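Beneath this line is the structure, given in structure tokens, with notes to follow.
The values are calculated or read from the model by the stated rules, or taken from the named source; none is laboratory data. Everything numeric here is computed off the predicted structure, so don't read it as measured data. With ideal geometry, Cβ positions are generated from the backbone for all residues, glycine too; neighbour counts draw on all protein chains shown.
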Amino acid sequence: MGKTIAQKIIAAHLVAGDMTPGSEVALRIDQTLTQDATGTMAYLEFETMGIPRVKTEFSIAYVDHNTLQCGFENADDHRYLQTIAAKHGVHFSRPGNGICHQVHLERFGKPGKTLIGSDSHTPTGGGLGMLAFGAGGMDVAVAMGGGAYYITMPKMYKVNLTGTLKPFVTAKDISLELLRILSVKGGVGAIVEWGGPAVKSLSVPERATITNMGTELGATTSIFPSDDVTRAFLKAQGREADFVPLESDADAQYDRIIDIDLDALKPLVACPHSPDNVVAADSLNHVKVDQVCIGSCTNSSLLDMLKVAAMLKGKTIAPGVSLSVSPGSKQVLTMLTQTGALVDILASGARLLECACGPCIGMGFSPSSGGVSLRTFNRNFHGRSGTKDGQVYLVSPETAVASALTGYITDPTTMEPIAPVALPDSFHIDDSAVLAPAEDGSSVEVLRGPNIKEFPKSKPFADSLTATTVLKVEDNITTDHIMPAGAKILPYRSNIPFLSKFCFEVCDPSFPERAKAAGDGIIIGGSNYGQGSSREHAALVPMYLGIRCVIAKSFARIHVANLINAGILPLTFENPADYDDLAQDQKLTLENIREGMACGKIRITSDSGKEFTALCNLTQRQQAILMAGGLLNYTKEGGL
Ligand code: MIC
Ligand code: SF4
């Protein structure tokens, strides 16, 4: 039987397991990336493994999230990352060089290679034909040490693109259309492969917008073929030698095929507070806009920015709108400067922000109270902008500019046409902001600031557990609910005790105190629990607060892996209706945990007299990790 693109790359990297959907496969990882907000923890974890030099083909540490230096914390973390990278054979991308996914696409991604990154949008690399996964920091640390990356073998979905995009209808609208069709949990357990006759009309940055947004579907990853378009992009980046062609076999089998006709597509908008809350832009033209933000790893490429500049040229933004533009990389910013396009952006009244994540993760530029903010980003979760009652809508750069000009949400197809914008034949190449590691790291001193606190210790499981249900939450709880980010909290990513004060702040500010008081705790979740980011802090912090188990209707992929790595037992309801009968502050007893893990079911009784069964779908390796009290303990005991 023929293979899909992903199946070919998996087969070429298979270390253990069989490729039947649902069973565990272990993959050899060629490249890793970290960003600073998850990277400090990942390197602290790497250090505990005692491996002198990374064993991957290429590993890099980016600094792009915590770039506001309002105190010593972020600067100290940058210094730690720079020195630890130099010591252990990891390249270091300096703050200001750009957003990890954009820079990686431009300079380091390679078709056919595997990449894991401690950031959920690592699948951006799929735009180049890489098999790229978001992962928790511990999994990245293990991969840097030469260990395999374990995933559940996914199902294969194919999106078949036909037709032609109309002017001002974009790759972002294709992503939003798929989110409308599949929802934020529609991609769970699947790899989304993009194909069909219209694929060749999409440039690599456009493909990368789509694979980036694939994360919002809950998909394991997303991937495009590697074809002449890929070759041209790599050639323009001075990297034609990295090109390899990749396509699926004609008789490859897919579990689901979704057709999207680009001729019929209109500009779309994801309304607050979920990326799948999608409607047509022209249905929202009564909504007054306070703020527009253009950038993020979804839409900050040179192509996006040149279109933005062309639309803004000779115009000024509406007086009630505040517009920010954050180019995705130093390469993009330099080329905007060289071409003069930056002048058109600035002359319109836009504010230029650093080449970094910025407003996407609440690092500045939060909207006004109740403010409507249109963002070209990938997430509009509740509170993520830094303003609790901010109303964030996700749009394409074209819809963003049209709306910034009129002051209302505006379908860009109603605007004056612009001349077609194309990518250059050669990009400006200057990798001086990427520092190579020391040849011999043994004499490099690692510099740590006082913000780096001890790693929390998880407990191994005994055979039974009685614990309190400290919190009950609904469906689609994101990691931004569990462990919020933003300018005030993000600088403390290597300080778990401090972070713990904000755990579940969006849902219930009393959670940290109650969890600590309860001793051993359990969280009751709805479906798709832990969707969103890869931050392992959403597992480490609850673990620090005494959470031993989460019982949910279903879990998001990266989060469930992080729970296991942190030594927290993830269980799903055998009968989802049992969710309704459980309340906060009950005592639940889990019996025969070891045997239950092995047979996949655990019997639970509550102090109210209820008895029910929870499913425990764990591989032998995951059972061993939990019994050891988390991945670090397991690794120390000799497992990799
Ligand atoms: C995000 O977009 O939510 C983040 C911030 O990039 C996270 C990583 C983090 O929390 O540091 C992600 O997507 O994994
Ligand atoms: Fe940064 Fe936002 Fe992309 Fe996360 S989604 S990596 S915060 S730009």
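Would you mind telling me which numbered condition in (1) under 25 Å from SER274 (Cβ atoms); (2) under 24 Å from the mean Cα position of the chain (by Cα); (3) basic (Lys, Arg) LYS472 fails?
Every listed condition holds for LYS472 apart from (2).
Is there a residue being more than 16 Å from ligand 2 (Cβ to nearest atom), within 30 Å of SER533 (Cβ to Cβ) and either crowded, with 18+ Cβ neighbours inside 10 Å or not β-branched (Val, Ile, Thr) (or both) anywhere in the stretch 353-365?
Taking every residue of the stretch 353-365 in turn, none turns out to be more than 16 Å from ligand 2 (Cβ to nearest atom), within 30 Å of SER533 (Cβ to Cβ) and either crowded, with 18+ Cβ neighbours inside 10 Å or not β-branched (Val, Ile, Thr) (or both).
Would you mind telling me which numbered condition in (1) away from ligand 1 (no atom under 16 Å from the Cβ); (2) among the polar types (S, T, N, Q); (3) under 30 Å from GLU73 (Cβ atoms); (4) surrounded by 17 or more Cβ atoms within 10 Å (Cβ to Cβ) SER443 fails?
(4)
Go through (1) away from ligand 2 (no atom under 14 Å from the Cβ); (2) in a helix (DSSP H, G or I); (3) crowded, with 24+ Cβ neighbours inside 10 Å one by one and return the number of the condition ALA75 breaks.
(3)
Considering only residues of the stretch 34-59 that are away from ligand 1 (no atom under 16 Å from the Cβ) and of a type in the set (A, V, I, L, M), which is nearest to GLY96 (Cα to Cα)?
Out of the qualifying residues, it is VAL54.
In the set LYS330, LYS313, LYS307, which member is more than 16 Å from THR399 (Cα to Cα), among the basic types (Lys, Arg) and either surrounded by fewer than 21 Cβ atoms within 10 Å (Cβ to Cβ) or at pLDDT 95 or above (or both)?
LYS330
Out of all the residues in the stretch 222-233, is one or more in contact with a strand residue (DSSP E or B) (Cβ under 9 Å, 6 or more places away or on another chain), over 24 Å from PRO367 (Cα atoms), within 16 Å of ligand 2 (Cβ to nearest atom) and in contact (Cβ under 8 Å) with a residue 60 or more places away in the chain?
Yes: the stretch 222-233 contains one or more residues that are in contact with a strand residue (DSSP E or B) (Cβ under 9 Å, 6 or more places away or on another chain), over 24 Å from PRO367 (Cα atoms), within 16 Å of ligand 2 (Cβ to nearest atom) and in contact (Cβ under 8 Å) with a residue 60 or more places away in the chain.
Please specify each residue of the stretch 245-270 satisfying the condition of being in contact with a helix residue (DSSP H, G or I) (Cβ under 9 Å, 6 or more places away or on another chain) and assigned to a loop (DSSP other than H, G, I, E, B).
Scanning the stretch 245-270 gives PRO245, GLU247, SER248, ASP249, LEU265, LYS266, PRO267.
If we keep just the residues of the stretch 409-427 that are surrounded by fewer than 18 Cβ atoms within 10 Å (Cβ to Cβ) and outside any loop (DSSP other than H, G, I, E, B), which is farthest from the chain's Cα centre (by Cα)?
Checking each candidate, the answer is THR414.
Out of all the residues in the stretch 508-558, which are without any contact (Cβ under 8 Å) to a residue 12 or more places away in the chain and in a helix (DSSP H, G or I)?
Selection gives GLU513, ALA517.
Given (1) free of Cβ contacts under 8 Å to residues at least 60 places away in the same chain; (2) within 20 Å of GLY134 (Cα to Cα), identify the lone condition not met by GLU240.
Every condition holds for GLU240 apart from (2).
Name every residue in the stretch 3-53 that is farther than 28 Å from LEU105 by Cβ and touching a strand residue (DSSP E or B) at 6+ places or on another chain (Cβ under 8 Å), in order of residue number.
Matches in the stretch 3-53: ALA16, GLY17, ASP18, PRO21, GLY22, SER23, GLU24.
Inside the stretch 582-621, can you point out the residues that are closer than 17 Å to VAL470 by Cβ and either of a type in the set (Ser, Thr, Tyr) or over 31 Å from the mean Cα position of the chain (by Cα) (or both)?
Matches in the stretch 582-621: LEU582, ALA583, ASP585, GLN586, LYS587, LEU588, THR589, LEU590, ILE604, SER606, ASP607, SER608.
Evaluate the following for LYS501: is it of a type in the set (D, E, K, R), within 29 Å of MET363 (Cβ to Cβ) and in a loop (DSSP other than H, G, I, E, B)?
Judged against the criteria, LYS501 is not a match.
Name the one entry in GLU216, GLU177, GLU206 that is farther than 19 Å from ALA132 by Cα and touching a residue at least 12 places away in the same chain (Cβ under 8 Å).
GLU177
Restricted to the stretch 384-408, and to residues that are under 24 Å from the mean Cα position of the chain (by Cα) and surrounded by fewer than 22 Cβ atoms within 10 Å (Cβ to Cβ), which residue is nearest to ligand 1 (Cβ to nearest atom)?
Among those residues, the one meeting the criterion is GLY386.
For the stretch 5-46, please list each of the strands (runs of 3 or more DSSP E) lying entirely inside it that holds at least 2 residues being β-branched (Val, Ile, Thr).
Because the criterion is at least 2 residues that are β-branched (Val, Ile, Thr), the strands (runs of 3 or more DSSP E) in the stretch 5-46 that meet it are 31-34.
Can you tell me how many residues in the stretch 588-620 are buried (at least 19 other Cβ atoms within 10 Å of the Cβ) and touching a residue at least 24 places away in the same chain (Cβ under 8 Å)?
10
What pairs come out if I take residues in the stretch 57-72 that are without any contact (Cβ under 8 Å) to a residue 60 or more places away in the chain and in a strand (DSSP E or B) and pair them with residues that are within 16 Å of ligand 2 (Cβ to nearest atom) and among the β-branched types (Val, Ile, Thr) whose C-beta lies under 6 Å away, six or more apart or interchain?
ALA61/THR34
Conditions (1) among the hydrophobic types (A, V, I, L, M, F, W, C); (2) at pLDDT below 95; (3) in contact with a strand residue (DSSP E or B) (Cβ under 6 Å, 6 or more places away or on another chain), marked per residue:
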| residue | (1), (2), (3) |
| --- | --- |
| ASN575 | no, no, no |
| ALA583 | yes, no, no |
| LEU590 | yes, no, yes |
| GLY596 | no, no, yes |
| CYS599 | yes, no, no |
| SER606 | no, no, yes |
| ALA614 | yes, no, yes |
| ASN633 | no, yes, no |
| GLU637 | no, yes, no |
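Filtering the stretch 485-497 down to residues that are touching a Phe, Trp or Tyr at 6+ places or on another chain (Cβ under 8 Å) and farther than 13 Å from THR40 by Cβ, which residue is surrounded by the most Cβ atoms within 10 Å (Cβ to Cβ)?
Looking at residues that are touching a Phe, Trp or Tyr at 6+ places or on another chain (Cβ under 8 Å) and farther than 13 Å from THR40 by Cβ, I get ILE489.
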